[in-house]
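Any read-out appearing in this document is the output of simple, stated calculations on the displayed coordinates, not a laboratory observation. The shown structure was predicted, so the numbers you read here are calculated from the model rather than taken from an experiment. Don't worry about glycine lacking a Cβ; one is built from the backbone with ideal geometry, like all the others, and counts go over all protein chains shown.
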Amino acid sequence: MKTKLILFVAIITSMTAFSQQKWTLKECVDEALKKNISIQQNRLSLELAKKDVEITKGNFLPNLNASTGGNLNFGTGFDPVSQNRVNTTFFGGSVGLSSGITVFNGYRNTNTYKQAQLGVETSMLDLKKIENDISLFVVNGYLNILFAKENLSAAKVQYEISKKQIEAAESRFKSGVIPKGDLLNTQSTAATNLQTVISQENALDLALLNLAQLLQVSVNGFDVSPINVGTPSANLFYKNSSTVYNKSLDRMPEIARAKLAIESADLGIEITKSAFLPSVSASASLSSNYGFNLKPPAGFSNETFSNQLSDNLGYGLGFNVSIPIFNRFQTRNRVAQSVINKQISETRLESEKLSLKQTIEQSFLDVRTALKTFEAAKISLEAQKEAFKNAQERYNYGAMTQFDFDQVRTRLVNAEAALIRSKYDYVFKTKVLQFYGGDLILE
């Protein structure tokens, strides 16, 4: 009984420890990449692309086919012994093997194989693109949780201050220093601060739920490890957007995918041009036949099956050359279509580059704006702290009304919230820019 109790306690303890596990940012990203359904679908698409390569590779190999058939005939036939027509039943058939191989078809098989290989690379880049998107979603969700936690912490501090002020106000009211209206205002402020605490708790619960759903894990006991955001640097990580853009051209999957589309279009042109060239194929065959009289006349016996196959065995070799002369301009127009497809792919590459450049320029501008907002929020908070300190002294000496004091305190609370909001906004937008530049490190 004691052993069972110890085992039960150990299990409960381990479950509690697991439920209280705090996820790091890297763990969250890895979990999302492992479980996301869109990523799983893209991985299956990658497997399909690999099978296309195997299929096109098989075009270089010869085929091999076996065939057989038989016929059962009823009726009268000529008897070579009696020289009479007799009623008989005859069964006969054939067996054969045949093989063929494409010797030359204008390099169509070669180019189709290369195109299938590009398809695998394209599928890998599609997978990388969606992995990047999911990673940014996770980073944003993670920072939203930290943002909500700081807001909640600040709200709790304000509520604790309000509770202490209620005690002081009650004492001063009993002493006749302040009227009852000031006491009620203090209690009202505390109630408002409590509502803010509840609101921030709900915001934190929602942020945790959103990230847990993204990771497809239970929200019960789900929490994240803190990141030492500290006070973000006032220096921009990059001097200008062009630096980020030039680095991103070599690493962003959408750019590489657009380049592969041009290569694939080039191969498509060569594949359609192959219809102008002659095609050569070779073949080989092996066949034999057999027959049995099921009602043989007197003095007649059927030859054995093996002897018949051996005696009737035949071989064949052949080749075929097909030379296109005129096909109603179909090939010429298909080549023209392939050229247009390449031009479309080239314009898509330029479009992807332009879109990436605009996104990075906007991100760089967002970072600069967020930094300015953050710096302004720090200055504002320092000023509000000094104003609150001065107001508190005046209030304690009775030189300021409760209403005016609450106004000053509200401005301080708003300044603290603005600093927290601007800090995390700046951190996230900086990480987005680092992502495009290839310098984002997940810890």
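Here the 3J(HN,Hα) profile of segment 318-330, calculated from phi with Karplus coefficients 6.51, -1.76 and 1.60 at θ = phi - 60°, is x, 9, 9, 10, 10, 10, x, 10, 8, 10, 6, 6, 5 Hz, Gly and Pro shown as x.
Binning every alpha carbon pair distance of segment 45-147 at 5 Å from zero, what are the percents per bin? Going from the shortest bin to the longest, the percentages are 2, 9, 9, 8, 8, 7, 7, 6, 6, 6, 6, 6, 5, 4, 3, 2, 2, 1, 1, 1, 1, 0.
Listed by chain and number, the aspartates and glutamates placed with their C-alpha closer than 18 angstrom to that of LYS114 are GLU47, ASP52, GLU54, GLU263, ASP266, GLU270; residues fewer than eight positions away on the same chain are left out. Taking a ≥ b ≥ c as the square roots of the Cα gyration tensor eigenvalues, with a/c under 1.5 meaning rounded and otherwise prolate when a/b beats b/c, else oblate, which class fits segment 217-331? It is oblate, given that a/c is not under 1.5 and a/b is not larger than b/c.
Candidate cross-link partners of LYS353 among the aspartates and glutamates, defined by an alpha-carbon separation under 15 Å and a same-chain spacing of 8 or more, comprise ASP250, GLU254, GLU361.
Kindly identify segment 193-259 as rounded, prolate or oblate by the Cα gyration tensor criterion: order the square roots of the eigenvalues as a ≥ b ≥ c, call it rounded if a/c is under 1.5, otherwise compare a/b with b/c, prolate if a/b is larger, else oblate. Judged from the Cα gyration tensor, segment 193-259 comes out oblate (a/c at least 1.5, b/c at or above a/b). The longest stretch of the chain left intact once loop-based trypsin sites (Lys or Arg not before Pro) with at most 16 other Cβ atoms within 10 Å are removed from consideration, loops following DSSP, is 1-238. When the Cα positions of VAL224, LEU260, GLY291 are compared along the charge dipole of the chain, VAL224 comes out farthest toward the positive end, with charges on each C-beta of Lys, Arg, Asp and Glu.
Which shape class, rounded, prolate or oblate, goes with segment 116-162 when its Cα gyration tensor gives a ≥ b ≥ c as root eigenvalues, a/c under 1.5 marks rounded, and past that a/b bigger than b/c marks prolate?
prolate
Sites counted here are chymotrypsin sites (Phe, Trp or Tyr not before Pro) in a DSSP loop (not H, G, I, E or B) having no more than 16 other Cβ atoms within 10 Å; the longest part of the chain that contains none of them is 108-236. Other residues lying with their Cβ under 14 Å from the Cβ of LYS378 contribute a combined charge of -1, Lys and Arg counting +1, Asp and Glu -1.
Put a plus charge on the Cβ of each Lys and Arg, a minus charge on the Cβ of each Asp and Glu, and nothing anywhere else: the dipole of the chain about its Cα centre is then about 300 debye.
Geometric descriptor of segment 301-443, per residue, is 411 Å³ (volume of the convex hull of the Cα atoms).
With all pairs of different C-alpha atoms in the average, the Kirkwood value for the hydrodynamic radius of the chain is 31.0 Å.
In this structure, the pairs whose alpha-carbon distance is over 18 Å, taken from LYS35/LYS247; LYS22/LYS429; LYS247/LYS342; LYS239/LYS429; LYS50/LYS259, are LYS35/LYS247; LYS22/LYS429; LYS247/LYS342; LYS50/LYS259.
Give me the distance between the Cα centres of segment 237-256 and segment 283-346, rounded to whole Å. Each part reduced to its Cα centre gives a spacing of 57 Å.
What GluC sites (Glu not before Pro) does segment 298-373 have in DSSP loop regions with at most 16 other beta carbons within 10 Å? Loop-located and lightly packed - GLU303. The string of couplings for segment 333-349 from the Karplus curve (6.51, -1.76, 1.60, θ = phi - 60°) is 5, 5, 5, 4, 4, 5, 5, 5, 4, 5, 4, 4, 5, 5, 5, 5, 4 Hz, one whole number per residue in order, with x for Gly and Pro. Listed by chain and number, the aspartates and glutamates placed with their C-alpha closer than 15 angstrom to that of LYS163 are ASP182, ASP406; residues fewer than eight positions away on the same chain are left out.
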